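In what follows, a single structure is set out as structure tokens and then discussed.
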Amino acid sequence: MRWSRYFLPTLREDPKDAESISHKLMLRAGLIRRLGAGAYSYLPFGLRALQKAAAIVRDEMNHAGAQELLLPALQPTDLWKATGRYGVLGDVLIKFKDRTGREMALGPTHEEVVTDLLKELRSHKQLPVIVYQLQTKFRDEPRPRFGVIRSKEFLMKDAYSFDVDAEGLHRSYQAMYQAYVRIFQRCGLTVLPCEADPGMMGGDVSHEFMAPSPFGEDRVARCRRCGYAANLEAARSQIPASSPAASEAPTPMDVVKTPGKHTVQDVSQFLKVPATKLIKTLLYDVDQGHVAVLLRGDHEANEAKLARVIGSAHVKLSTAAAVERLSGAPMGFTGPVNLTGVRLLADHAVMSIVNAVTGANQPEAHLINVNPGRDFQPSVAADLRFITEGDACPTCGGPLTVIQAIEVGHVFKLGTKYTQALGAVFQDADGTLKPMIMGCYGIGINRIVATAIEQHHDAQGIVWGRALAPFHVLVSVMMSDHPEHARLGVDTADALAAAGFEVLLDDRDQSPGSKLKDADLVGIPIQVVIGKVWDRSRQLEVSVRATKEKVQVAPRDLAEAIQKLLDKVP
Ligand code: ATP
Ligand code: MG
């Protein structure tokens, strides 16, 4: 391919509205262009990387025994109503009426459609089955950002497994999990498989493949000692010993006036007690009415955990009016002592505080020397909070750290949520009808490419790994108006292409300086420079983008030298 005729426009300056590194570099290196909010065109150079990622995903899916199919993006919303996800997705689901007046949606994911299709399998003898597709998904994301990392239209590989029992599901899940590990390894990404909150998909077991990056929108808790990793939404920590600290004996409870002190910080400063000795009481509006959640002053409530502990689909902080009605005091003065009429749920960490400070359920007052068990008794002590940096790892006790990460893949054990709702039943060996047991497995193809750039770049531009690099070799003719050099450039590019390399020839009429800058920006792993070195010594200068290592080789040894260098590129 000749760059002079290739649609690969580069930009010298960082585009103003691009925040993340991959977004900037994908625009500057001519991979993508923005059409509208969350919608991007892939230029030929970018599409090559995207297709390489897709090919690796396809290869590993096929290896794992999954069968490729293709489901329509255009879907009647009836199916979404049948599973109840129409309401759950809300405005994320892009919907409209077709010419007959029927409401349609553009698929944000395909559990409904695939289950409806696989219903055709009626016997245990036809199971298990894993199917997958590479298909464009549409989600009207409230905050599209970071270019193709969070867009409204994106390419996903989504796979679905159908099994007869839980052991079967486990095998399918493991097969997909292992395939994901290989996919990300082959794509050159560093990822942490993390325990995840199953969220809107339902089901109980789920892992996310998280790529550490400062621009990640997810936070991951991780233990460097044993390798435990979990999305912060799901991350657990070791429960502190519930016996009161030996150093302090419980003293009698008392009321103190705290005029105008509503927040943990205010109260802690005013009474000169650390936030770790405060118990904050949050009232939540849930399916069952209202509940009170007790947390240590420096901890934050994790509503996903709360929802699971109480089995409520909706969890929302109670309104100020409800707080006043239930506690008898304005917001900021609620406490667990004599708080009747609501269930008390305590986070584990609350149970070991000795002589705590908490709201008095009276205006402008707090209680001091409150002791859990003595002064109030929660109906359950559970894990209800986000872990914090330094908390003890739930498996080994080592310190947890919190890092930012990009979710590139997600695997779920779904169970029978969709098969039950849509009547996907099979006849088991004993003749009984049972719903199939399902798993689903997604990977964002665009995110693979963007994440590879987030993880592999330098100040000059992209540093492609071998697997996703749009081309292996860039042949740069420094003076394109020099007839001998121009000829040599073409011959070299042709010879390398014939040897099996993917080659881009920079034959543009531009200064050597700008060609070298562009070479660094677009980041092709190996560059062959035809210029002064050739004039001096009849040798080609070969350089490695990642390490800047340079060697000089004669034309006849070029292919072999490049192969050697390329083999060392990760
Ligand atoms: P997120 O939490 O980032 O919104 P999700 O959990 O909703 O993602 P899934 O439904 O699990 O996403 O989709 C599977 C994969 O599709 C994700 O792991 C991610 O790689 C990719 N993906 C999801 N949403 C987007 C998006 N808006 N733009 C690009 N890729 C996406
Ligand atoms: Mg997900």
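The values are calculated or read from the model by the stated rules, or taken from the named source; none is laboratory data. Being a predicted model, the structure only gives us computed values, none of them experimental. Using ideal geometry, Cβ is built from the backbone for each residue, glycine included, and neighbour counts are taken over all protein chains shown. What goes into the accessible areas is simple: the full protein's heavy atoms, side chains included, and nothing from ligands, DNA or RNA. Shrake-Rupley method; radii C 1.70, N 1.55, O 1.52, S 1.80 Å.
Structure values in brief
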{"item": "Per residue, in Å², the accessible surface of the chain once ligands and nucleic acids are set aside, probe 1.4 Å", "result": "44"}
{"item": "Peptides 225-232, 12-19 ordered by average Cβ neighbours within 10 Å, highest first", "result": "225-232, 12-19"}
{"item": "THR401-ASP78 pseudo-label distance in nm [points 7 Å out on the Cα-to-Cβ vector]", "result": "5.4"}
{"item": "Principal axis dimensions, largest first and in whole angstrom, of the range 71-201 by Cα", "result": "44, 43, 24"}
{"item": "Computed magnitude of the charge dipole of the range 190-313 (debye, nearest 20; Cβ of K, R +1, Cβ of D, E -1)", "result": "580"}
{"item": "Packing-based order for 425-437, 515-527, using average beta carbon neighbours within 10 Å, highest first", "result": "515-527, 425-437"}
{"item": "0 to 90° range, to nearest 10: angle between helix 445-455 axis and the chain longest Cα axis", "result": "90"}
{"item": "Size of electric dipole in the range 132-196: Cβ of Lys, Arg +1 and of Asp, Glu -1, about Cα centre, debye, nearest 20", "result": "460"}
{"item": "Packing-based order for 499-507, 29-37, using average beta carbon neighbours within 10 Å, highest first", "result": "499-507, 29-37"}
{"item": "Net charge of neighbours whose Cβ lies under 9 Å from the Cβ of GLY216, counting Lys and Arg as +1 and Asp and Glu as -1", "result": "-3"}
{"item": "Extreme residue, positive dipole direction of the range 1-123, given options LEU69, TRP80, LEU117 (C-beta unit charges)", "result": "LEU69"}
{"item": "Partnerless cysteines, meaning none of the other Cys C-beta atoms lie under 4.7 Å away, in the chain", "result": "CYS187, CYS194, CYS440"}
{"item": "Assigned charges on the beta-carbon of Lys, Arg, Asp, Glu; the range 397-531 dipole about Cα centre (debye)", "result": "720"}
{"item": "P(r) weight above 31 Å for the chain, C-alpha pairs, percent", "result": "60"}
{"item": "Between 0 and 90°, nearest 10: helix 166-186 axis offset from the chain longest Cα axis", "result": "50"}
{"item": "Within the accessible area of the chain (1.4 Å probe), percent carbon and sulfur", "result": "53"}
{"item": "Alpha carbon Rg of the range 412-514, scaled by the compact-globule rule 2.2 N^0.38 Å", "result": "2.06"}
{"item": "Proximal lysines relative to LYS97, as straight alpha-carbon distance under 30 Å, when same-chain residues fewer than 8 apart are discounted", "result": "LYS81, LYS119, LYS137, LYS152, LYS157, LYS417"}
{"item": "Among HIS170, ILE448, ALA356 - extreme Cα towards positive end, dipole of the chain, charges at beta-carbon", "result": "ILE448"}
{"item": "Contour excess over end-to-end distance, with Cα ends at LYS97 and GLU324 and 0.36 nm allotted per residue", "result": "77.2 nm"}
{"item": "Folded to 0 to 90 degrees: helix 558-568 orientation relative to the chain principal axis, Cα", "result": "10"}
{"item": "Of LEU422, PHE184, ALA229, farthest towards positive along the dipole that unit charges on Lys, Arg, Asp, Glu beta carbons give the chain", "result": "PHE184"}
{"item": "Set of lysines with alpha-carbon distance to LYS16 below 16 Å, sequence-local pairs under 8 removed", "result": "LYS24"}
{"item": "Lysine pairs within the range 236-333, Cα separation less than 19 Å, 8 or more sequence positions apart or different chains", "result": "10"}
{"item": "Solvent-accessible surface (1.4 angstrom probe) belonging to THR136, in square angstrom, nearest 10", "result": "40"}
{"item": "Lysine pairs within the range 432-570, Cα separation less than 20 Å, 8 or more sequence positions apart or different chains", "result": "12"}
